[in-house]
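Every number in this text was worked out from the coordinates using simple rules, so none of it is lab data. Just so it is clear, the structure is predicted and the values come from calculations on it, not from any experiment. Neighbour counts are summed over all protein chains in view; Cβ atoms, including those assigned to glycine, are modelled from backbone coordinates with ideal geometry.
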Amino acid sequence: MDNATPMDNATLTVQDQTLELPLTKGTENEVAIGIKALRPSTGVITMDPGFANTGSCESAITFIDGEKGILRYRGYPIEDLAEKSTFSEVAYLLIYGELPTADELESFRRQLRRHSLLHEDMKKFFEGYPPSAPPMSVLSTIVASLAAYYPVANTDDDVNLNIIRLIAKLNTIAAFAYKKSVGQPYVYPCNDHSYAGDFLHMMFAVPAERYDIDPLLTKTLDMLLILHADHEQNCSTSTVRMVGSSGADLFSSISAGIQALSGPLHGGANQAVIEMLEQIENDGRNIAKYVELAKDRDSDFRLMGFGHRVYKNFDPRARVIKQKASEVLDQLGVDDPLLDIARELERIALEDEFFVERRLYPNVDFYSGIIYRAMGIPTNMFTVMFALGRLPGWIAQWLEMKKDPATRIYRPRQIYTGSTERAYEVIGER
Ligand code: CMC
C-alpha cells in the first residue's frame, strides 16, 4: 500500500555489514522498520515467534493503542459505535470505509435481507453432522461449501455480491447449526426483522409457540456484535489474509478464519471463561485456589478471559461489556452467581502482583459469556457469536489485502534446526 509517511532511515549492523533500512510512520505515529532488503543483502532473517513485533501490512481499517486502551474503527471510537450505532451500519463502515447515508444503509439492509436464505440442498450438510458437532466446525465447513454454490467472482460487483451473501447467510447458518444441535426444526429467516432480531428469531422460535423478539435482546446483541467486529491483525484475521494471499476465494478464507477463531486462546476463550467460572462455582467458590493455579508455572491452567497481546492497561471492549453485563442482567431480571464470581475473580487478580507485573487485565471474553447466558444463548454457541460479530472485519481486511498492490503471498522463513545431510540406507525390506 505504501501510504505510510517516510522518515529518516534506520541503520542496522549485521555481522560486518551496515545496512540503511527505511523507517515509516502511520497516521497515529506508529513506526516501522522496512526489512525487505535484509535477507537479499545479508542472508539474515528476523526471528519473531508469534509475530509480536512484526507488521504484516499497512491497514486503514482499525486502530488500537494497547497502552491507552484505545480501539477505533475507521477513526470512530468503539465506545460511541457500541452505544449509538447498529451492527449493519458498522459492517458497512468497516467494509466500504465510510459511514453509509440513510439510503445506502437501507439498500445494504435490503440486500442482506434478500440473501439470507440458504440453498435448500445445504440443509443436507447440516443433517450429515452428529447432534454433538461443535457449532464452530459446522459454521466453518458450511461457509467453505458456499464456494461450491457461488464460485464465480470475477468482477468487483461479483465480489460484492458474495460479501452480501456471506453476511446474510452466516446469520442463518449459525442459527441452523444451533437448531441442528438441539434437534429442532430450522426456522427460516424473516424479512421483517433486523439482522440481530432475525438471528434471535431463527435461534429461539419454535413452530408451536409465538416468539416475540425482545428489543432489549436485539439491542444488546447488536452492541456485542459491534464490539467484536474488527480487531486489526489478530490470529483469525491474519489467517484470513494469509489464506486469501494465495488467491483463495472469500468463502475459503473466511472459513479458515472461523477455524482460527475457535481456539481457546482466541475466540474460544468466551466459552472457556464460563466453563472456568462454573468449575469455580462447583468447587465451593474457592476463587483464591484458581488464582494460585493460574500463577503456578507447573500448571497449564490460565485465567481465561485475562491477558492480551496488545492491551496492557485495559481492554476498552471489556469495559463496555462489564458495565452492560450488570445493566442487562438487571433488566432481564436474571441473577447469575457467575457474575459475582467473575467480579470477585477480577478484583483478586487485579490486586495480585503476578497479574499486575505482567499487566494482565480482563479482555473482551471475560464478561461477554455472562450476557450471552442471560440472553439464553447456550455456551457452545458463544464462539459462533464472536464469529458473527467478527465477519465484517474479516471481510474488510480480506478486501483491503486483495486491493493492496503491495500484497505478496504470505510466506515466512524459518531457521532450520534438524539433521544436517546424512546418507540414506535401506533398513529391511522396502
Ligand atoms: N492467566 C495466567 N497467566 C497468564 C495469562 C492468563 N490468562 N495470560 C498471560 N499470562 C502470563 C504468561 O504465562 C506469561 O508469563 P511468564 O512471563 O511468566 O511466562 C505472561 O503472562 C505473558 O503471557 P504470554 O502468553 O506470553 O502472552 P501472549 O501475548 O503470548 O498471549 C493471550 C496473549 C491472550 C493468548 C494470553 O494472555 C492468554 O492465554 N489469555 C487467556 C486466553 C484468553 O482470554 N484469550 C482471549 C484473548 S482476547 C479475545 C481475542 O481477541 O481473541
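Filtering segment 235-270 to residues that are within 14 Å of the ligand (Cβ to nearest atom), closer than 28 Å to Gly75 by Cβ and surrounded by fewer than 23 Cβ atoms within 10 Å (Cβ to Cβ) leaves Cys235, Ser238, Thr239, Ala260, His266.
Checking each residue of segment 363-376 against the condition of being outside any helix (DSSP H, G or I), crowded, with 21+ Cβ neighbours inside 10 Å and within 16 Å of the ligand (Cβ to nearest atom) gives at least one match. Annotation note: Cβ proximity below 6 Å between a residue of segment 223-235 that is among the aromatic types (Phe, Trp, Tyr) and a residue that is part of a loop (DSSP other than H, G, I, E, B) and within 12 Å of the ligand (Cβ to nearest atom) (sequence gap 6+ or interchain) occurs for no pair. Of all residues in segment 271-287, exactly one satisfies the criterion of being small (Gly, Ala, Ser) and more than 8 Å from the ligand (Cβ to nearest atom), namely Gly284. Taking segment 383-430 as the range and being under 30 Å from Pro40 (Cβ atoms), surrounded by 10 or more Cβ atoms within 10 Å (Cβ to Cβ) and touching a residue at least 24 places away in the same chain (Cβ under 8 Å) as the test, the residues that pass are Gln397, Trp398, Glu400, Met401, Lys402, Asp404, Ala406, Thr407, Tyr410.
Determine, yes or no, whether Ala229 is within 16 Å of the ligand (Cβ to nearest atom) and not in a helix (DSSP H, G or I). Criteria met by Ala229.
When each of Leu345, Leu350 is tested for being of a type in the set (A, V, I, L, M) and either surrounded by 16 or more Cβ atoms within 10 Å (Cβ to Cβ) or touching an Asp or Glu at 6+ places or on another chain (Cβ under 6 Å) (or both), the lone residue that passes is Leu345.
Among the candidates Asn380, Asn363, Asn286, Asn282, the residue that is among the polar types (S, T, N, Q), touching a residue at least 12 places away in the same chain (Cβ under 8 Å) and farther than 27 Å from Phe204 by Cβ is uniquely Asn363. Segment 1-110 holds helices (runs of 4 or more DSSP H) entirely within its bounds, and those carrying 1 or more residues that are touching a residue at least 24 places away in the same chain (Cβ under 8 Å), among the aromatic types (Phe, Trp, Tyr) and surrounded by 13 or more Cβ atoms within 10 Å (Cβ to Cβ) map to 87-96. Would you call Tyr290 within 14 Å of the ligand (Cβ to nearest atom), part of a helix (DSSP H, G or I) and under 29 Å from Asp214 (Cβ atoms)? No; evaluated as a whole, the condition is false for this residue. The residues listed here are Val320, Val384; of these, the one that is within 30 Å of Ser246 (Cα to Cα), within 15 Å of the ligand (Cβ to nearest atom) and in contact with a helix residue (DSSP H, G or I) (Cβ under 7 Å, 6 or more places away or on another chain) is Val384. Criterion first (touching a residue at least 60 places away in the same chain (Cβ under 8 Å) and either surrounded by 14 or more Cβ atoms within 10 Å (Cβ to Cβ) or within 14 Å of the ligand (Cβ to nearest atom) (or both)) does Val356 satisfy it? For Val356, the condition - touching a residue at least 60 places away in the same chain (Cβ under 8 Å) and either surrounded by 14 or more Cβ atoms within 10 Å (Cβ to Cβ) or within 14 Å of the ligand (Cβ to nearest atom) (or both) - is not met. Number of residues in segment 69-93 that are small (Gly, Ala, Ser) and farther than 26 Å from Leu360 by Cβ: the value is 4. Here Val31 does not fit the description of being within 25 Å of Thr172 (Cβ to Cβ) and more than 16 Å from the ligand (Cβ to nearest atom). Of all residues in segment 236-276, those satisfying the criterion of being within 19 Å of Thr141 (Cβ to Cβ) and touching a His at 6+ places or on another chain (Cβ under 9 Å) are Ser236, Ala260, Gly267.
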